[in-house]
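Read the figures in this text as sums done on the coordinates, not as results from a lab. Computed from a predicted model, the values in this text were never measured in an experiment. Cβ atoms come from the backbone with ideal geometry, glycine included; neighbour counts cover every protein chain shown.
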Amino acid sequence: MDDEERFIFDLSGFIVLENVLSPSEIDRLNAALDAHDHLASRSPSYSGSHRGMIGEGNPVGRICTALVDQAGASGEELTFEAAASALQDAGFPGDGPTADTEQLRATLQALELPSGPLAEPQIEDLIALAEPATDGVIKFGSTRIDLGGMLEWEQPHCEPFRELLVHPRVKPALQEILGAGEKNAFFGSTSIVLKRIVLPTQARDTHREKLKKEALFAGYRMDHAPDLMRMEKGGDGQTLHGGGFERYSAGGMLESYSFHANKMFAGMVVVEFMLADEGPGDGGVAVVQGSHKSNYPAPTSLKVGERWQQHVTEVHAKKGDVVIFCEACVHGT
């Protein structure tokens, strides 16, 4: 990294490296992904219960918004979260990718709201907002789509992903941020990326101490296997998470960000290789700039999109760019 890139990453907690991937690299990666698209997992987009996180393609979001507006017009107070909880308590939408009109009608008839039961005309209007098909099926079509396992795919499809792990433009940046095996003068160890292992609390603490000793001679290593994340238009957003305070509380130096002896050290970073343009309104990663250094926990109102949205940066990048962000930043998708 040059001096300008160091300044930007230390200041913001993320950086966009432009034109890292060549057109041929992008073509190979996309061809491999297309060949394995049938393996992708799709999650229905109705999991959010906060207004700021629910996308326009979510029937639950449209119904809850209408309930809140109806209550306000009547001089009553009903929050979006309360409306979403009431629907969930009454059994809607369930746990599948679809629901049916009669299920929604029964839910709305049984709905317990501060103003009392809904009138039939109100129920029919709300059902119309769910946009059921002619056969009465309500589809939760906006989804988060995940695809992993690239490193173990058959030849030649695994190769372009394996090459990303030591990409000549990205590797030096990771060594700059995470460490290249040199000793951290302040902590006596090098920041590393942990392989997450779920252990009971006491065993986890013992494991962490072992990792601190191992870090004396470590550079960096992979924490997560590569994963493709994409969403359909109108899908829900992800609740923001992370933050310097939260990461230090969870893992100390092994997950937080610090600067000592004229050198930055991050315990964990995410590298995002862009295979398509990502502009305003396209979704993708969002971060709270500078939050990798925060000394206080991020407020819930910020994490769920209710307040402080002027502090959340939607990261834009072009096909072939690489986004590197510190896991200690408050971030989400």
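Data for the structure
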| read-out | value |
| --- | --- |
| Residues Asp34, Asp89, sorted so that the one with the fewest Cβ neighbours within 10 Å comes first | Asp34, Asp89 |
| Segment 59-139: projected area of the alpha-carbon convex hull, averaged over directions, in nm² | 4.8 |
| Least to most buried among Tyr296, Tyr220, Tyr257 (fewest other Cβ within 10 Å first) | Tyr296, Tyr220, Tyr257 |
| Relative contact order of segment 59-139, pairs being alpha-carbon contacts under 8 Å that are 6 or more residues apart, as % | 33 |
| Low-density loop cleavage sites - chymotrypsin sites (Phe, Trp or Tyr not before Pro) in segment 271-333, where at most 13 other Cβ are within 10 Å (DSSP) | Trp308 |
| Computed magnitude of the charge dipole of segment 59-139 (debye, nearest 20; Cβ of K, R +1, Cβ of D, E -1) | 120 |
| Using θ = phi - 60° and Karplus 6.51 cos²θ - 1.76 cosθ + 1.60, couplings along segment 73-80 (whole Hz; Gly, Pro as x) | 5, 8, x, 10, 10, 9, 7, 4 |
| Extension gain, Glu232 back to Glu77 (0.36 nm per residue minus Cα-Cα distance, nm) | 52.5 nm |
